[in-house]
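Worksheet for the structure shown next.
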Amino acid sequence: MINRSLSCLLLVAGLVGCSATETPPSMSTDGALKHERTDDRRLGDVPEWMAAAGTDDALICYLDAVEGGTPYGQGWQARQGDAVRLAGWAVEQGTSEQLPAVVRLRAISSTNPDVYFAALRSERPDVSAAPQFAGSPPSSAGLTATLLLDDVAPGEYEMAYVAGNAQHALACSLGPERVLRVQ
């Protein structure tokens, strides 16, 4: 779990938001730490529109930071059961109001199913002020997500953001250098 002071420090740097909903872990009866958040567990029932969202150049995105993973080759690696926190942004060009988003892990060379995690939107003044968004500065462009890899099958996954709803959904790949290897 991320140290709360580090989260707030990253907020000052403009990388992530400091969540007031994050609760510290507690001890279980066997003395092990127990994670109490539910918004960072993988999504169970994924709506068809979310699974069908295709990559579209109208949605541009960037991954600023990865915590809890170890860099390797063209991406990051973590063990099953680890928590990996992502911080970045996603903007649908031409609109100021940004739609809710999730993080999608898509298996690269296996038949593992896609895995989805909720992402929290936040303000990103640095992104809103970027010249390419001058005509329609986006609100809530920032995204943070904690991926609990408890039941994610080992393999390599392409990371992407999916933003939208049942009427309109787009995906944005974080690129070939943004692969997550789960061991």
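The values are calculated or read from the model by the stated rules, or taken from the named source; none is laboratory data. This one's a predicted model, so the numbers in the text were calculated from it and none came from an experiment. No Cβ is skipped: glycine too gets one built from the backbone with ideal geometry, and neighbour counts run over all protein chains shown. When the accessible area is computed, the model is the full protein with side chains, heavy atoms only, and any ligands, DNA or RNA have been set aside. Shrake-Rupley method; radii C 1.70, N 1.55, O 1.52, S 1.80 Å.
Annotations for the structure displayed:
- Integer Hz, Karplus 6.51/-1.76/1.60 couplings in order for region 52-60, x for Gly and Pro: 8, 4, x, 5, 9, 5, 6, 9, 10
- Rounded to whole numbers, the Karplus 3J(HN,Hα) couplings from phi for region 127-135 are 6, 4, 8, 5, x, 5, 10, 4, x Hz, using 6.51 cos²θ - 1.76 cosθ + 1.60 with θ = phi - 60°, and x at Gly and Pro.
- Accessible area per residue for region 75-166 is 40 Å², calculated with a 1.4 Å probe on protein heavy atoms, without ligands, DNA or RNA.
- HN-Hα J in Hz across region 145-152 - Karplus 6.51, -1.76, 1.60, θ = phi - 60°, x for Gly and Pro: 8, 10, 9, 7, 8, 3, 10, 8
- Counting every pair of alpha carbons in region 30-161, the share spaced more than 23 Å apart comes to 37 percent.
- For Arg124, nonlocal amide neighbours, meaning residues 5 or more places apart or on other chains whose placed amide H falls under 5 Å from its own, are Ser140, Ala141, Gly142.
- Using the Cβ-Cβ distance between Ser109 and Ser139 with R0 set to 35 Å, the FRET efficiency works out to roughly 0.40.
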